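Reading through the structure tokens given below for one structure.
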Amino acid sequence: MRLQHLPFSAAIPLPLSSSMPPFSAPRLTFTAFRRLLRTSTAPTRGSRTRTSSSTREQQHYSSKRQPVFWKRYWQAPKFSTTAKMSSVGGMGVGSAALYAVVSNPAQMGARPDEAEEKKHHLKNGKGFINPWDSFKDFSPLSIGLQLIARKLRGDVHVPDTTPPTVPVRKPSLHATRSTPALRATWLGHACYYVEFPSGLRVLFDPVFEDCCSPINLKMLKRYTPPPCEIEDLPFVDLVVISHNHYDHLSYPTILRIKNKFPQAHFFAPLGNRKWFVDSGVPAERVTELDWWDQRDVKLDGGKAGQEKAVGVEQPGELTQREVEKAITATVGALPCQHVSARTPFDKCRTLWASWSVESGGAKVYFAGYVYSLSLSLHPSPSFLANPPPPSSDTGYRSVPAVPAGTDDYGPAYAHLPHCPAFAQIGTHRGPFDLGLIPIGAYEPRFVMSPMHANPTDSVHIFADTRCRRALGMHWGTWVLTEEDVMEPPRKLKDALREKGLGETGVFDVCDIGESREFECAGNGKGA
């Protein structure tokens with residue numbers, strides 16, 4: 001059986017999972033295993049064929065295989081120097097050192113009463129769970145047997161990644177902190193670079209490596225290149241991580257961010273701080289949060305572009321003069337239904353989360369990586385514009401195997417338990433000016449419905465969280481599941497049309513490297 005015929009590796013806890021590295025190839029020593037726990041990918045040296053801006057057609061990478069087998073698998077990460085792109089300003093643009101001061105907010109944001117119960121914490125304190133009946137945890141053996149059976153029946157579909165697929169363009173990022181509107185640039189998969197009107201710059205779930213696994217596997221290599229390199233970004237103030245799977249958290253990428261932007265502050269869910277510190281990030285530059293927790297951030301002198309020390313004050317104590325010349329933000333960790341792991345032995349030892357970031361009158365929701373399926377069958381446009389509180393009949397669920405062509409939103413499946421997390425987020429922390437919501441990695445549904453949103457699910461997440469606008473993500477970069485690589489945006493339009501929403505201008509997809517601007521309710525700016 002050829003490896004590339006099993007495209008589930010980044011999502012399913014099998015031995016060849018991006019979150020669970022294979023151990024059968026080289027003989028492991030204790031030292032090598034400890035190194036593996038800390039590293040995510042070890043890219044080989046090679047050349048990348050840049051995308052033509054005129055044709056926007058990506059090309060596959062060429063690389064040289066390491067001659068020594070064990071070095072290919074276990075060596076420390078190495079990087080090739082790439083030419084800097086003039087369109088984003090080059091190396092010198094991001095030199096202004098604005099250090100983040102993180103503090104407890106003067107007043108915590110609203111949260112459901114049950115948040116204090118911490119039901120997602122294991123009682124022994126050694127991990128986390130999804131506390132909802134909607135979550136169904138499959139065993140690796142069960143999933144493996146089902147996938148083998150599908151393979152033997154000839155039911156496995158291998159997506160075609162032959163170019164052209166997703167257009168890739170060079171990003172055009174502001175070389176200064178003057179940004180009149182909220183602006184989001186998709187850098188591939190779940191990575192967005194968001195420019196806030198305040199001047200704050202946030203990077204979500206960055207992974208710039210070719211392969212989203214701890215070792216180089218052909219089946220997990222990109223079929224679209226990153227539109228730029230980390231060194232091309234003009235500013236990075238905050239890096240926000242949803243969870244520790246290899247397609248969302250990359251050791252080489254984090255090192256490059258730390259080296260290029262030593263002042264950047266990292267936000268991650270509970271339990272992940274040690275990984276960052278062990279990776280060389282200073283402890284004072286890492287903040288880990290539990291669900292519904294928030295922190296205030298201050299970058300002093302940001303609007304004027306000054307390099308100056310940052311004072312430590314509670315947000316409520318800032319004078320008007322200080323506020324006018326300071327970049328401030330509020331960052332919050334929020335629930336989502338998922339799991340975590342970087343080896344076969346640490347499943348759910350660290351938390352997973354979605355996030356909210358508010359700054360300069362703009363408010364963004366980052367869904368990260370979610371399990372979801374909506375219970376709502378045919379909500380009206382008014383429902384989507386003004387979602388009800390979580391006591392309504394809208395939720396999310398796991399779906400069993402159904403006959404081909406069966407609508408898993410049909411009445412026969414309406415009894416399945418639902419997850420209230422997204423509606424709670426919308427009720428207590430919404431509305432949001434922009435939602436960054438996954439739309440890909442969902443086939444086959446009987447396996448993936450507890451794990452990934454399909455486009456119809458994504459529309460309901462958009463509604464429940466009360467996002468005014470949204471952009472899709474978690475597609476177009478790696479083959480993780482069986483749907484055609486260009487199917488998610490097509491199905492998203494179908495789902496929007498079915499719910500009475502416009503196919504464009506509400507919940508959109510964009511090219512890799514493309515920037516979109518959005519109107520903000522807090523300042524009235526945007527396009």
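Here are the numbers for this structure:
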| item | result |
| --- | --- |
| Qualifying residue in segment 204-226 (condition: among the hydroxyl-bearing types (Ser, Thr, Tyr), under 29 Å from residue 328 (Cβ atoms) and at pLDDT 95 or above) | no |
| Matching residues in segment 183-203 - criterion: being assigned to a strand (DSSP E or B) and among the polar types (S, T, N, Q) | 185 |
| Hits in segment 445-458 - residues which are touching a Phe, Trp or Tyr at 6+ places or on another chain (Cβ under 9 Å) and either under 18 Å from residue 156 (Cβ atoms) or outside any helix (DSSP H, G or I) (or both) | 447, 448, 449, 450, 451, 452, 453, 454 |
| Counted residues, segment 330-361 - those being surrounded by 24 or more Cβ atoms within 10 Å (Cβ to Cβ) and more than 19 Å from the chain's Cα centre (by Cα) | 1 |
| Meets criteria (outside any helix (DSSP H, G or I) and either surrounded by fewer than 19 Cβ atoms within 10 Å (Cβ to Cβ) or at pLDDT below 95 (or both)) for residue 476 | no |
| Residue count for segment 204-241, restricted to those that are surrounded by 23 or more Cβ atoms within 10 Å (Cβ to Cβ), of a type in the set (Asp, Glu), in contact with a Lys or Arg (Cβ under 8 Å, 6 or more places away or on another chain) and part of a loop (DSSP other than H, G, I, E, B) | 1 |
| Answer residue from segment 160-203, given it is over 19 Å from residue 261 (Cα atoms), under 17 Å from the mean Cα position of the chain (by Cα) and among the aliphatic types (A, V, I, L, M) and is surrounded by the fewest Cβ atoms within 10 Å (Cβ to Cβ) among those | 184 |
| Residue pairs meeting the criteria (Cβ under 8 Å; at least 6 apart or on separate chains; first assigned to a loop (DSSP other than H, G, I, E, B), in segment 139-157; second loosely packed, with under 12 Cβ neighbours inside 10 Å and not charged (D, E, K, R)) | 156/5 |
| Residue pairs meeting the criteria (Cβ under 6 Å; at least 6 apart or on separate chains; first assigned to a loop (DSSP other than H, G, I, E, B), in segment 494-522; second surrounded by fewer than 14 Cβ atoms within 10 Å (Cβ to Cβ)) | 500/381; 503/497 |
| Residue in segment 162-171 that is modelled with pLDDT of 90 or more and hydrophobic (A, V, I, L, M, F, W, C) present | yes |
| Restricting segment 509-527 to residues that are in contact with a Gly (Cβ under 7 Å, 6 or more places away or on another chain) and either modelled with pLDDT under 95 or buried (at least 18 other Cβ atoms within 10 Å of the Cβ) (or both), the residue that is farthest from residue 358 (Cα to Cα) | 512 |
| Boolean, residue 504 is of a type in the set (Ser, Thr, Tyr) and closer than 30 Å to residue 217 by Cβ | no |
| Selection from segment 110-121 of residues that are without any contact (Cβ under 8 Å) to a residue 12 or more places away in the chain and not charged (D, E, K, R) | 121 |
| Filter result (at positive phi and in contact (Cβ under 8 Å) with a residue 60 or more places away in the chain) within segment 263-298 | 271, 292 |
| Members of segment 233-253 found to be out of contact with any Leu (no Cβ under 6 Å at 6 or more places or on another chain), under 18 Å from residue 270 (Cα atoms) and β-branched (Val, Ile, Thr), listed by number | 240 |
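Residue-wise test of (1) part of a loop (DSSP other than H, G, I, E, B); (2) of a type in the set (S, T, N, Q); (3) at pLDDT 95 or above.
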position: 328; (1), (2), (3): no, yes, yes
position: 343; (1), (2), (3): yes, yes, no
position: 348; (1), (2), (3): yes, no, no
position: 363; (1), (2), (3): no, no, yes
position: 376; (1), (2), (3): yes, yes, no
position: 391; (1), (2), (3): yes, yes, no
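The values are calculated or read from the model by the stated rules, or taken from the named source; none is laboratory data. Computed from a predicted structure; not experimentally measured. Using ideal geometry, Cβ is built from the backbone for each residue, glycine included, and neighbour counts are taken over all protein chains shown.
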